[in-house]
Amino acid sequence: MFYYKILIVFLLSIFLSPLNAGPKTEKATFAGGCFWCMEGPFESLPGVISVISGYAGGKEVNPTYEDVGYGRTGHRESVQIEYDPSKIRYSELLRVFWKQINPTDNGGQFADRGNQYRTGIFFHNDAQKKAAEESKKELEKSGKFSAPIVVEILPFTSFYPAEDYHQNYYKTNPDHYKSYRKGSGREAYLENLWGKK
């Protein structure tokens, strides 16, 4: 009986060991104006597992698109990225983030105005906070912008996924998405600043 118990414990330790667990993942949360425009650039990166559009930075529980859109909740349209840190570094996610926004605009992004469209980096731990602060300083020193970098670096509190029809909008409604991206001024601004992709 004693040896039987030892065998059971041994077998359980094998099957429940970290070697059999999935990859250790982490999350990154960014606000970059309209969340439709923030999904694609991250989803294409090796090591990124998922990108979800949603709402971060507010206090209301389970906000709706209408509530956030009217600026009643304090949330910002955001994306939450689940990634494998063994395949992609947080610093790389930050590099991609900076190239999707106008970091000098504190009133929203492009045609979308209001607090709900303001930029932000919501850090999940001290390492993310340090990396975000360093990347912001590097951008400030780069001389790429004549105006101050106003993107806030904030502690993550909560994230609520947006309604289903907002998820992967650039794939499910490509014509409207392309029209919006161009009409909002985002596409021309980013191409002028970073070059056409």
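The values are calculated or read from the model by the stated rules, or taken from the named source; none is laboratory data. The shown structure was predicted, so the numbers you read here are calculated from the model rather than taken from an experiment. Note that we place each Cβ from the backbone using ideal geometry, even for glycine, and neighbour counts take in every protein chain shown. Surface accessibility is based on the protein's heavy atoms, side chains included, excluding ligands, DNA and RNA. Shrake-Rupley method; radii C 1.70, N 1.55, O 1.52, S 1.80 Å.
Would you please name the residue that is farthest from SER44 (Cα to Cα), looking only at residues in segment 84-103 that are in a loop (DSSP other than H, G, I, E, B) and among the hydrophobic types (A, V, I, L, M, F, W, C)?
ILE101
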TODO: Only one of these is over 20 Å from the mean Cα position of the chain (by Cα) and either open to solvent by 80 Å² or more (accessible area, probe 1.4 Å) or closer than 17 Å to GLU43 by Cβ (or both): LYS171, LYS196, LYS137. Name it.
DONE: LYS196
TODO: State which residue pairs qualify: first residue more than 27 Å from PRO63 (Cβ to Cβ) and inside segment 164-188, second residue assigned to a helix (DSSP H, G or I) and open to solvent by less than 60 Å² (accessible area, probe 1.4 Å) in any location, beta carbons under 6 Å apart, and separation of 6 or more residues or different chains.
DONE: GLU187/ARG181
- [ ] Go through segment 102-134 and give me each residue that's aliphatic (A, V, I, L, M) and surrounded by 14 or more Cβ atoms within 10 Å (Cβ to Cβ).
- [x] ILE121, ALA131, ALA132
